Amino acid sequence: MTEASVVHVFLSRGRFSLQEDIRDYIDQRWSENGDAEPSAFMGEAGITEFSPMCIEVIRAQDMGHPAPVPPAVLLREASYADQWLSQVESAELADAAICVFAPNIVTNPHGTSLRYLGQFAIRG
């Protein structure tokens, strides 16, 4: 699989109570000089070729689920889910997910403080 044909999926439970919390973890920042500063997530996952429009955040609460749900429920509205969700074998409950698509390149997916669910093939 080339990086252009996969989605990397990360799960969380109980870590991000607000949308702002997860955005603070994911979003790149800018220094006073205008230099890009990688987010905690970018550093942990080793993300290069950063494109914020190709990272999806999914929260169970935003979908009307007040409690954690299995990935099959949490991820069903993710981009291209019809192509890859059936490959997910985990039933681990989660209340948030991060899906990373190309052109983002994930070089250290197991280095995050989140549960790395895996990479799944897509036909983007």
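Results, tabulated for the structure shown:
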quantity	calculated
Number of the exception - Gln19 against (1) within 18 Å of Phe120 (Cα to Cα); (2) in contact with a strand residue (DSSP E or B) (Cβ under 9 Å, 6 or more places away or on another chain)	(1)
Subset of region 92-116 [under 21 Å from Ser17 (Cβ atoms) and either within 15 Å of the chain's Cα centre (by Cα) or assigned to a strand (DSSP E or B) (or both)]	Ala94, Asp95, Ala96, Ala97, Ile98, Cys99, Thr112, Ser113, Leu114, Arg115
Members of region 82-112 that are modelled with pLDDT of 95 or more, within 19 Å of Gly14 (Cα to Cα) and polar (S, T, N, Q)	Thr112
Candidates Val57, Val73 - the one that is modelled with pLDDT of 95 or more, open to solvent by 30 Å² or more (accessible area, probe 1.4 Å) and either part of a loop (DSSP other than H, G, I, E, B) or closer than 15 Å to Asn104 by Cα (or both)	Val57
Of residues in region 105-124 being crowded, with 20+ Cβ neighbours inside 10 Å and not β-branched (Val, Ile, Thr), the one farthest from Ile26 (Cα to Cα)	Phe120
Region 4-29 residues that are without any contact (Cβ under 8 Å) to a residue 12 or more places away in the chain and more than 13 Å from Ser113 (Cα to Cα), paired with ones that are assigned to a loop (DSSP other than H, G, I, E, B) and among the polar types (S, T, N, Q) (beta carbon under 9 Å, 6 or more apart)	Arg29/Ser39
Filter result (at pLDDT 95 or above and under 18 Å from Cys54 (Cα atoms)) within region 1-21	Val7, His8, Val9, Phe10, Leu11
All positions within region 77-91 that are exposed (fewer than 14 other Cβ atoms within 10 Å of the Cβ), within 25 Å of Ser17 (Cβ to Cβ) and not acidic (Asp, Glu)	Ala91
Residue check for Pro68: surrounded by 13 or more Cβ atoms within 10 Å (Cβ to Cβ), over 17 Å from Arg115 (Cβ atoms) and in contact with a Lys or Arg (Cβ under 9 Å, 6 or more places away or on another chain)	no
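The values are calculated or read from the model by the stated rules, or taken from the named source; none is laboratory data. These numbers come from a predicted model, not from an experiment. Ideal geometry is used to build each Cβ from the backbone, glycine not excepted, and the neighbour counts take in all protein chains shown. Surface areas here come from the heavy atoms of the whole protein model, side chains and all, with no ligands, DNA or RNA. Shrake-Rupley method; radii C 1.70, N 1.55, O 1.52, S 1.80 Å.
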